[in-house]
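K.L.:
Before I ask anything, let me first share the structure, which is written out below as structure tokens.
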Amino acid sequence: MAKIVGALGVTHVPYIGRAIAHNLQQDPYWKPFFDGFPAAHEWLAKVRPDVAVVIYNDHGLNFFLDKQPTFAVGAAPEYRNADEGWGIPTLPPYQGDPELSWHIIESLVGEEFDIVSCQEMVVDHAFTLPLELFWPGQHPCPVRTVPVCINTVQHPLPTAARCFKLGQAIGRAVESWDEDARVVVIGTGGLSHQLDGQRAGFINKRFDLLFLEKLINDPLWVTRYSIMDLVELTGTQGIELLNWLAARGALLGDVEKVHSNYHIPISNTASGLLVMEGV
Amino acid sequence: MNSGKQKREIPGTTVFDGEAARKGYALNKMCYSFNSAENRAEFLKDQDAYCTKFGLNDQQREAVRSLNVLKMIEAGGNAYYLAKLGGIFGLDMQDIGAQQTGMTKDEFKAKLVEAGRR
């Protein structure tokens with residue numbers, strides 16, 4: 001049977017793509033961010049995942065507002081990155097795992113999550129950059145992938161409770177997969193940031209640090225907040241923390257923190273990194 | 001629960017909901033087209049004609065012409081899509097943030113750094 005080796009949360013700011021392309025990892029601006037990753041790399045070398053389920057939000061590359069699914073699951077043999085319009089380099093394709101994708105789709109729909117399945121899907125920076133950060137310079141990326149896209153763009157958004165339950169259902173799906181595979185679940189985006197409006201530049205360090213702590217031992221704490229509460233507390237784009245919450249949900253038993261990093265700012269964003277595994 | 005009629009206000013914040021999505025559809029659709037380099041070039045060649053092609057209303061055209069991000073948001077623009085337009089003019093997120101908050105770019109960046117110290 002497949003096994004979930006742990007979960008990761010990580011920021012996906014597009015600007016990171018440029019920093020990687022220009023080898024700025026040791027630049028004073030970027031160092032506090034990139035210095036968080038060697039510990040994650042060591043953990044990945046230890047747990048050796050074969051597959052990554054990447055829970056992220058699309059920013060207008062695969063989905064436009066003509067059709068905006070609340071939850072979408074990729075089921076393609078390969079996922080390509082493409083021009084996103086803001087000048088970050090386009091990255092090489094990522095290998096899919098259609099067997100696991102369809103198993104997850106079957107299982108989720110069986111559990112009454114009426115997801116959209118995508119046999120063709122382009123993936124944006126929210127999918128590609130986390131993989132570049134966790135497996136730097138490795139092309140092709142050494143894990144097969146399953147993209148899971150949550151709508152954090154056009155309200156109404158799924159509630160925090162719903163996203164957590166989706167994560168739990170993904171966890172059950174993976175653990176019931178009849179293949180000897182090691183799976184890591186990655187939630188991307190956040191932490192607090194707001195790009196738009198007079199409140200642009202809003203960051204909430206206190207909330208972020210509490211979120212990082214609660215995600216380990218008391219993830220249901222997040223679900224006490226409405227989407228509007230979370231927008232107020234974390235910013236219009238900080239709401240991407242829903243992706244982290246879903247990834248945490250996939251760890252079905254008790255969880256412990258392996259490693260975390262938090263740094264302000266990367267672009268307009270409070271950047272976060274969290275490595276979690278089952279006890 | 002928030003119905004469409006009774007919206008919760010968050011100061012300085014426009015939530016991109018159904019109302020904004022309807023209002024901003026043409027503008028966001030134009031910005032979505034900027035995923036293609038060919039379209040970006042066509043826009044730069046004749047911005048007005050390009051706005052017409054996507055059916056932008058007067059408010060949206062004016063916001064695009066003046067490159068005023070707050071006005072674009074008022075006209076239904078979504079941050080992720082507007083960033084694609086900003087990118088054409090070499091504006092990064094600190095430029096866009098500074099413009100919306102009435103700060104210089106350096107002041108805006110200092111504000112972000114300060115948020116990390118608190």
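K.L.:
Note down the nm distance, to one decimal, between modelled labels 7 Å out along Cα→Cβ at A:Glu120 and at A:Asp178.
P.N.:
Going by the 7 Å Cα→Cβ label model, 3.2 nm.
K.L.:
Next question, about the same structure. Could you run the Karplus curve 6.51 cos²θ - 1.76 cosθ + 1.60 with θ = phi - 60° over the stretch B:67-72 and give me ³J(HN,Hα) per residue in whole Hz, x for Gly and Pro?
P.N.:
6, 9, 5, 4, 5, 5
K.L.:
Counting other Cβ atoms within 10 Å, keep those with at most 10, restrict to DSSP loop, and tell me which GluC sites (Glu not before Pro) in the stretch A:109-206 are left. Spell out each step's value before the answer.
P.N.:
Numbers: sites: A:Glu111, A:Glu112, A:Glu120, A:Glu132, A:Glu175, A:Glu179; in loops: A:Glu111, A:Glu112, A:Glu120, A:Glu179.
Listed in order of number, the matching sites are A:Glu112.
K.L.:
Starting from the Cα of B:Asp95, step 7 Å along the direction of its Cβ; do the same at A:Met1; then give the gap between the two resulting points in nm.
P.N.:
5.4 nm
K.L.:
May I pose another question? For chain A, modelled as a GNM with alpha-carbon contacts under 10 angstrom, which of A:Phe164, A:Phe127, A:Phe211 fluctuates the most?
P.N.:
A:Phe211
K.L.:
Something else: Tell me what chain A gives for mean residue ellipticity at 222 nm when only DSSP H runs of n ≥ 4 count, each as -39,500 (n - 2.57), the sum divided by the residue total, rounded to 500 deg cm²/dmol. List each step's numbers first, then the result.
P.N.:
On the way: 9 runs with 91 residues, N = 279.
It comes out at -9500 deg cm²/dmol, rounded to the nearest 500.
K.L.:
Continuing with this model, one more query. Gaussian network model of chain A, Cα springs within a sub-10 Å range: biggest mean-square fluctuation belongs to which of A:Leu210, A:Leu252, A:Leu108?
P.N.:
Result: A:Leu210 has the largest fluctuation of those listed.
K.L.:
Further question on the same structure: What FRET efficiency, computed as 1/(1 + (r/R0)^6) with R0 = 45 Å and r the Cβ-Cβ distance, is obtained for B:Leu44 and A:Gln95, rounded to the nearest 0.05? List each step's numbers first, then the result.
P.N.:
Working: r = 37 Å, r/R0 = 0.82.
After rounding, the FRET efficiency stands at 0.75.
K.L.:
Then there is this: Per 0.36 nm of contour for each residue apart, how much would the distance between B:Leu67 and B:Glu19 grow if the chain were fully extended, relative to their Cα-Cα spacing? Present the calculation step by step, with values, prior to reporting the outcome.
P.N.:
On the way: separation 48, 0.36 × 48 = 17.28 nm, distance 2.23 nm.
Taking B:Leu67 through B:Glu19 to full extension adds about 15.1 nm, to one decimal.
K.L.:
Evaluate peptide B:84-97: per residue, the Cβ atoms of other protein chains within 10 Å of its Cβ; return the mean as an integer. Please list the in-between numbers first.
P.N.:
Working: counts 8, 2, 3, 6, 3, 0, 1, 1, 7, 12, 6, 0, 5, 11.
The mean count of partner-chain Cβ atoms within 10 Å per residue comes to 5.
K.L.:
Residue-wise, which Karplus ³J(HN,Hα) couplings in Hz belong to the stretch A:255-266, taking 6.51 cos²θ - 1.76 cosθ + 1.60, θ = phi - 60°, and x for glycine or proline?
P.N.:
Here the 3J(HN,Hα) series is 10, 10, 7, 9, 6, 8, 8, 8, 8, 10, x, 10 Hz.
K.L.:
Here is a further query. Given Cβ point charges of +1 (Lys, Arg) and -1 (Asp, Glu) and nothing else, what value in debye, to the nearest 20, does the dipole of the stretch A:3-278 about its Cα centre take?
P.N.:
700 debye
K.L.:
Using the Karplus curve 6.51 cos²θ - 1.76 cosθ + 1.60 with θ = phi - 60°, work out ³J(HN,Hα) for each residue of the stretch A:15-28 in order, rounded to whole Hz, and write x for Gly and Pro.
P.N.:
My calculation for the stretch A:15-28 gives 3, 4, x, 5, 4, 5, 4, 9, 6, 9, 4, 9, 5, x Hz in order.
K.L.:
Another one. Please give the FRET efficiency for B:Ala110 paired with A:Asp229, using the beta carbon to beta carbon distance and R0 = 41 Å, rounded to the nearest 0.05.
P.N.:
Numbers: r = 29 Å, r/R0 = 0.70.
Between B:Ala110 and A:Asp229 the formula returns 0.90.
K.L.:
Now for a different question. Which far-off residues, 5 or more places away or on another chain, put their amide H under 5 Å from the one on A:Ile4, with H placed in the peptide plane?
P.N.:
When sequence neighbours closer than 5 places are left aside, the close amide H contacts are A:Val183.
K.L.:
Please list, in chain and number order, the residues 5+ apart from A:Gly187 or on another chain whose amide H is under 5 Å from its amide H, with Hs placed from the backbone.
P.N.:
Here A:Leu8, A:Gly9, A:Val10, A:Ile55 satisfy the definition.
K.L.:
Using alpha-carbon pairs under 8 Å, 6+ residues apart, how would you state the relative contact order of chain B in percent?
P.N.:
Working: 87 pairs, mean separation 30.0, N = 118.
In percent, rounded to a whole number, it is 25.
K.L.:
Let me ask you something else. Counting DSSP beta bridges with both partners in the protein assembly as shown, what percentage is antiparallel, nearest 5?
P.N.:
Working: 18 of 41 bridges.
Once the DSSP bridges in the protein assembly as shown are tallied, antiparallel ones form about 45 percent.
K.L.:
Exceeding 30 Å between C-alpha atoms, which entries from my cross-link table qualify? They are A:Lys31/A:Lys205; B:Lys53/B:Lys105; A:Lys31/A:Lys257.
P.N.:
Values: A:Lys31/A:Lys205 19 Å; B:Lys53/B:Lys105 33 Å; A:Lys31/A:Lys257 22 Å.
Pairs exceeding the cut-off: B:Lys53/B:Lys105.
K.L.:
Quick one: which residues, 5+ away or cross-chain, put their amide H under 5 Å from the amide H of A:Val122? H built at 1.01 Å from N.
P.N.:
none
K.L.:
Another question, then. Could you work out [θ]222 nm for chain B from helices alone, using -39500 (n - 2.57) per DSSP H run of at least four and dividing by all its residues? Round to the nearest 500 deg cm²/dmol.
P.N.:
Details: 9 runs with 77 residues, N = 118.
Computed ellipticity for chain B at 222 nm equals -18000 deg cm²/dmol.
Every number here is computed from the coordinates shown, using simple stated rules; none is lab data. Everything numeric here is computed off the predicted structure, so don't read it as measured data. Note that we place each Cβ from the backbone using ideal geometry, even for glycine, and neighbour counts take in every protein chain shown.
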